[in-house]
Amino acid sequence: MDLFSGLLLGFKISLTLVNILHCFTGVLIGTLVGVLPGIGAIGAMSLLLPLTFGMEASSALIMLAGIYYGAQYGGSTTSILVNIPGEGGSVITCLDGYQMALKGRAGAALGISAIASFVAGTLGVLLLMLFSLPIAKFALKFGPPEIFSLMFLGLTLLSYLARGSMLKALSMGLVGILLSSIGIDIITGFPRFTMGMVNLIDGIDLVPIAMGLFGISEVIVNLEEEVRREVFDTKVKGLLPDREERRRSRWPILRGTILGFFLGIMPGGGAVTSSIISYTTEKKLSRYPEKFGTGMIEGVAGPEAANNSCTAGAFVPMLTMGIPTHVSMALLMGAMMIHNVVPGPLFLKEHPDIFWGVITSMYIGNILLLILNLPLIGIWVKVLKVPYSILFPLILLFCVIGAYSLQNSVFDIFVLIFFGLVGYFMKKLNYGPAPLILAFILGPKLEQALRQSLLIFQGNFAGFFVRPICIVSLGFALILIISNFVPVLRRGRLRLPVEEPEDP
Amino acid sequence: MAISVLLSLLAYALLLDILGFLLDTLLIFGFLFASSGKHSWKVVLGASLITTASAFLLFGYVLKIPLPGGLLHF
């Protein structure tokens with residue numbers, strides 16, 4: 001299936017009224033969620049996950065994907081107007097964006113961030129298309145041993161790049177795998193960790209855990225510290241950047257797009273990382289680096305482009321190899337598995353319609369977002385003024401009903417509350433929830449790959465060490481783990497701020 | 001305050017099958033809106049009613065999720 005016919009197939013699916021509506025709903029909710037501090041894209045995706053059960057697989061994915069990149073757009077709005085980032089990826093935009101607003105150039109800042117996001121999103125999808133095909137074909141040569149090794153490496157890499165202690169991140173990953181093993185063993189049929197409870201026979205569902213860890217715990221943390229928001233009240237006039245500003249933004253946007261895309265492919269590289277690296281790059285390349293932080297438009301255009309194209313980049317490993325490099329991708333993968341679509345090397349072959357449908361819907365989504373953001377800014381500002389004391393019960397209600405609706409069972413609500421509590425303590429003790437959720441979703445696949453590999457090798461682990469891809473992946477993972485314990489290597493550890501969903 | 005929120009969620013879950021969706025949601029919502037202490041009882045009552053009604057319509061009719069009726073079969 002070559003590029004052109006793929007695109008045709010994709011647009012045939014995404015340009016139906018139903019899917020346009022789903023895309024629109026997704027980006028609308030995404031922008032809304034991105035504007036509101038306290039709930040992020042991941043929270044919204046987990047909230048809406050149960051509601052997608054009745055939908056077609058492609059429609060569900062289109063909507064969920066729309067939420068994610070829509071939230072990136074929304075986050076920029078609050079960063080510029082209120083100096084409060086609505087999303088992790090928009091933190092950097094506060095630096096120069098808010099300064100521009102103070103100087104009366106709020107409109108230009110908002111305008112350029114919408115344009116940068118649009119260009120980056122569109123180009124990113126193009127790159128995604130170009131890269132996915134060859135990678136998917138290469139991934140077809142993967143067998144269970146390779147899949148296991150790559151997933152193992154992915155989890156290890158995520159722990160390595162995570163903020164804070166690597167040991168904590170790794171242990172959270174292990175907890176995730178443990179949690180995923182609750183239920184009936186697929187191969188032998190024996191119940192594991194069910195502790196005699198009927199409700200646990202099928203294992204714990206992803207949704208209550210995700211909503212608890214990200215949604216409920218976020219609400220509780222927010223309730224503890226009262227967030228005071230002063231909304232920038234002057235009128236936003238002149239929504240378009242002038243010619244000079246457009247000219248200055250051209251290269252930052254291009255650089256941001258490429259940076260963001262490749263960072264998105266890596267595990268742990270997310271909107272936060274991409275935007276920060278783009279900002280640093282622009283500052284270094286600028287003729288007036290000292291002016292950054294006072295309202296330089298390059299400092300808005302570059303990061304905004306980066307945090308959008310990294311979404312496209314993150315899709316690559318997920319869609320082609322079934323390896324999520326980021327929690328949001330893991331959630332999308334969870335959604336796909338719920339709809340009985342298995343992401344991985346065979347995904348492109350078996351479901352080209354879903355693959356191309358989602359990719360082409362991203363083009364449509366970017367256009368919709370451009371249309372939505374420029375005129376609707378006034379409305380978003382009003383939304384920002386809703387007091388949190390009214391907002392949080394609504395968020396909680398959504399979580400609770402979402403959890404309940406899975407199996408019509410109150411037990412799932414208890415799971416939700418339990419993990420809300422767990423998530424709260426995790427935040428307090430500086431344990432990241434991302435490795436846990438990723439490991440929870442990958443757990444069953446990881447285990448299955450391992451057992452299949454051992455079946456192939458007849459129980460002999462040495463089989464892993466004669467396959468080149470496995471050697472490289474497992475070796476690299478081993479080095480990363482050991483580096484934590486060898487003081488010399490530990491000091492040199494690369495510390496990238498990973499997108500932690502609990503960002504304000 | 002965070003603890004009272006958690007406890008109220010727990011209460012919601014426990015009471016759901018007894019009171020049914022409408023009553024339970026109304027009660028807990030009222031409690032949650034009022035817990036911040038920033039709004040008059042009129043606002044709290046109004047907001048709870050509106051939210052419960054819209055939630056019932058949204059989840060029950062638009063999304064067609066079966067909602068518990070409680071002992072009185074509400």
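What follows draws every value from the coordinates through simple rules; no lab data is involved. Owing to the predicted nature of the structure, the values given are computational and were not obtained by experimental measurement. Counting neighbours? That spans all protein chains shown, and the Cβs are built from the backbone with ideal geometry, glycine included.
For A:R247 and A:L102, a Förster radius of 25 Å and the Cβ-Cβ distance give a FRET efficiency of 0.65, rounded to the nearest 0.05.
Remark on A:G322: its backbone amide H falls under 5 Å from those of A:G344, a criterion applied only to residues 5 or more positions apart or on other chains, H modelled at 1.01 Å from N.
Only DSSP H runs of four or more residues enter the estimate; each adds -39500 (n - 2.57), and after division by the residues of chain A the mean residue ellipticity at 222 nm equals -23500 deg cm²/dmol. For the stretch A:451-462, backbone phi angles converted through the Karplus equation (6.51, -1.76, 1.60; θ = phi - 60°) give residue-by-residue couplings of 5, 5, 4, 5, 5, 5, 7, 6, x, 9, 5, 4 Hz, Gly and Pro being listed as x.
Taking every C-alpha pair closer than 8 Å and separated by at least 6 residues, the mean separation divided by the residue count of chain A gives a relative contact order of 29 percent.
Each peptide in B:8-19, A:396-407, A:312-323 receives the mean, over its residues, of other Cβ atoms within 10 Å, and ordering these scores from highest gives A:312-323, A:396-407, B:8-19. For chain A, find the longest principal axis of its Cα atoms and tell me its angle to the long axis of helix A:410-428, 0 to 90°, nearest 10. Roughly 70 degrees, rounded to the nearest 10. When each of the peptides A:27-33, A:127-133 is scored by how many other beta carbons lie within 10 Å of its residues on average, the order from highest to lowest is A:27-33, A:127-133. For the residues of A:47-55, the average number of beta carbons from a partner chain within 10 Å of their own beta carbon is 1. Footprinting exposure proxy ranking of A:Y424, A:Y69, A:Y288, fewest other C-beta atoms within 10 angstrom first, gives A:Y288, A:Y424, A:Y69.
Counting other Cβ atoms within 10 Å as a rough exposure proxy, the listed residues A:R246, A:R105 run A:R246, A:R105 from fewest neighbours to most. Note on A:V342 and A:F193: the model spin-label points, each 7 Å out from Cα along the C-beta direction, lie 2.3 nm apart. When each of the peptides A:351-362, A:425-436 is scored by how many other beta carbons lie within 10 Å of its residues on average, the order from highest to lowest is A:351-362, A:425-436.
May I ask you to derive the relative contact order of the stretch A:29-85, considering only C-alpha pairs under 8 Å and at least 6 residues apart, and to give it as an integer percent? Here the relative contact order equals 53 percent. Per residue of A:317-330, other chain Cβ atoms within 10 Å of the residue Cβ number 0 on average.
In this structure, the amide hydrogen of A:R192, modeled 1.01 Å from its nitrogen in the peptide plane, lies closer than 5 angstrom to those of A:G183, A:I184, A:D185, counting only residues at least 5 positions away or on a different chain.
Per-residue shielding of A:391-398, expressed as the average number of other chain Cβ atoms within 10 Å of the residue Cβ, stands at 6. The phi torsions of the stretch A:354-365, fed into the Karplus equation with coefficients 6.51, -1.76 and 1.60 and a -60° offset, translate into couplings of 5, 4, 6, x, 5, 4, 5, 5, 5, 4, 4, x Hz, rounded to whole numbers, with Gly and Pro shown as x.
From the Cα gyration tensor of the stretch A:308-440, with a ≥ b ≥ c the square roots of its eigenvalues, which class applies: rounded if a/c is under 1.5, or else prolate if a/b is larger than b/c, or else oblate? It is oblate, given that a/c is not under 1.5 and a/b is not larger than b/c. Candidate cross-link partners of A:K103 among the lysines, defined by an alpha-carbon separation under 29 Å and a same-chain spacing of 8 or more, comprise A:K235, A:K237, A:K283, A:K284, A:K291, A:K382, A:K385. Listed by chain and number, the lysines whose C-alpha is less than 28 Å from the C-alpha of A:K168, apart from same-chain residues fewer than 8 away, are A:K427, A:K428, A:K445. In order along the stretch A:244-261, the Karplus-derived 3J(HN,Hα) couplings, from 6.51 cos²θ - 1.76 cosθ + 1.60 at θ = phi - 60°, round to 4, 5, 5, 4, 5, 7, 4, 5, x, 5, 5, 4, x, 4, 5, 4, x, 4 Hz, and Gly and Pro are given as x.
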